[in-house]
Amino acid sequence: MGLLDGKNALVFGLANERSIAWGITQALHREGASIGISYAGEMLKRRVMPLAEKIGCTWVEECDVTKDENIDAVAKKAAEDFGQIDVLVHSIAFAGREELTGPFYNTTREGFKNAMDISVYSFVALARAFQPILRPGASLICMTYYGSVKVAPHYNVMGVAKAALEATTRYLAYDFGPHGVRVNAISAGPIRTLAAAGVGGFRDMYKHFADMSPMRENITIDDVGNAAIFLASDLSARITGDVLYVDSGFNIVGVQMGPKEGSDQ
Ligand code: NAP
């Protein structure tokens, strides 16, 4: 018996087999959910279809979240094909490469708007569009990063966007609470994905993370998938508006010493 037997789950933001959305999708499938997958553009279809096939998923829909008509169309299709939705995963972010290197003050007006629109507003837009078909007990989940609360060099406008996304999570949780719908965020440690490749100095950050986190280990998309199962399932029935860290404990460390400090190994 799976933890999500009989539940319908939609995942937004699958790009390839390295995507966090793929770790989550596989875990949702393992736990028995019926799955729908959404991807950004025609270009990605080639990469997404074989992944969908791997888990026997036939519901694969394009949705560019900057377009309200795309969001409305995908919500309508989901209503027709699934009836009601129990889990909605938002694993989407974007900022121009030029915004993710050098000083934050160089962020352009257009770059700022784009990052906020795609990485933050889209969560509001999806929540609103799907609200009529969310079953009581449903769970909405988005993906954030520690750069929202502390400065991560080069993360820049995306850190600001993630702070807004975490606030959005709390406001949506407040609105949806009376309907029995929960809204939470997962704050994942750095993972080598397409989106991460655009962040200046990511390679160093990834290495630093493994050296400095209490568990001395990087995290995987499977770790995020398993945490998502907790938030998606009734195991977290009274948890909403929260940010769950999946980061080998990196966020608890205030003063960073050398990699060997604090270790008896
Ligand atoms: P990813 O595989 O590149 O996923 C990002 C997804 O966002 C892609 O599918 C991308 O599609 C999609 N997207 C961008 N613009 C879109 C639009 N207009 N409409 C619809 N979808 C759009 O990278 P990822 O690392 O797994 O990122 C997933 C989430 O995890 C993001 O919110 C990210 O910030 C977050 N996160 C990542 C890390 C990390 O270290 N990797 C850590 C913490 C949190 P395209 O490829 O077509 O643009």
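The values are calculated or read from the model by the stated rules, or taken from the named source; none is laboratory data. Predicted, not measured: the structure shown is a model, and the values here were computed from it. Every residue, glycine among them, receives a Cβ derived from its backbone with ideal geometry; neighbour counts consider all protein chains shown. With ligands, DNA and RNA removed, areas are computed over all heavy atoms of the protein, side chains included. Shrake-Rupley method; radii C 1.70, N 1.55, O 1.52, S 1.80 Å.
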Table column - 3J(HN,Hα) (Hz), the range 55-66, Karplus curve with 6.51, -1.76, 1.60, x for Gly and Pro: 10, x, 8, 10, 8, 10, 10, 6, 7, 8, 6, 7
0 to 90° range, to nearest 10: angle between helix 221-232 axis and the chain longest Cα axis: 50
Charge dipole of the chain about the Cα centre (unit charges at C-beta), most positive-ward option of Ala75, Thr108, Tyr174: Thr108
Difference of contour (0.36 nm per residue) and Cα-Cα distance, Val124 to Val151: 7.2 nm
Crossing angle, helix 68-82 versus the chain [Cα axis fit, 0-90 degrees, rounded to tens]: 60
Helical mean residue ellipticity (222 nm; -39500 (n - 2.57) per DSSP H run of 4+; nearest 500) of the chain: -12000 deg cm²/dmol
Unit charges on C-beta of K, R, D, E only; dipole of the chain, Debye: 220
Distance in nm between pseudo-label sites at Ala79 and Arg170 (7 Å out along the Cβ direction from Cα): 3.2
Relative contact order, percent, the chain [alpha-carbon distance under 8 Å, six or more residues apart]: 20
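Looking at the range 1-124, I'd like the Rg to Rh ratio, where Rg is from alpha-carbon atoms and Rh is Kirkwood's inverse mean 1/r.
When Rh is taken as the Kirkwood radius, the ratio is 1.02.
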Nearest-ten-degree value, helix 202-212 long axis tilted from longest Cα axis of the chain: 70
Of all accessible heavy-atom area on the chain, the percent that carbon and sulfur account for (1.4 Å): 55
Zone residues, the range 68-87, relative to Asp234, backbone N less than 16 Å from point 7 Å out along Cα-to-Cβ: 86-87
Pairs of Cα atoms farther than 34 Å apart, the chain, %: 15
Heavy atoms of Trp22: accessible area, 1.4 Å probe, square angstrom to 10: 10
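Beyond a 26 Å Cα-Cα separation, which of these cross-linked pairs lie in this structure: Lys77/Lys113; Lys67/Lys162; Lys67/Lys150?
Flagged as over cut-off: Lys77/Lys113; Lys67/Lys150.
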